[in-house]
């Protein structure tokens, strides 16, 4: 029988690795030399996001990844910043 703390550590480690891979694919897509190469990196990035989502859901289901609700006032502030015209 496996130890739940070992499972948690393993899932968290895999999640961190998948997030790092997603960041790498995102950077590579932005620097790709051709549209075909860019699209390949974007496809890989999409796959990584799907994996990150699945891992995150499993961790939340087990109560190991708390979901902290966003502060409505902070959301309004960020929305105003995003809607403001660029200088």
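The values are calculated or read from the model by the stated rules, or taken from the named source; none is laboratory data. Remember, predicted model here, so these are calculated numbers, not experimental data. All Cβ positions, glycine included, derive from the backbone under ideal geometry; neighbour counts span all protein chains shown.
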When region 18-54 is checked residue by residue, the ones that are within 22 Å of residue 67 (Cα to Cα) and either in contact (Cβ under 8 Å) with a residue 24 or more places away in the chain or surrounded by 14 or more Cβ atoms within 10 Å (Cβ to Cβ) (or both) are 18, 19, 22, 48, 49, 51, 52
Within region 1-15, of all residues that are surrounded by fewer than 10 Cβ atoms within 10 Å (Cβ to Cβ) and assigned to a helix (DSSP H, G or I), the one modelled with the highest pLDDT is 6
Has region 55-74 got at least one residue that is in contact (Cβ under 8 Å) with a residue 12 or more places away in the chain and loosely packed, with under 13 Cβ neighbours inside 10 Å? yes
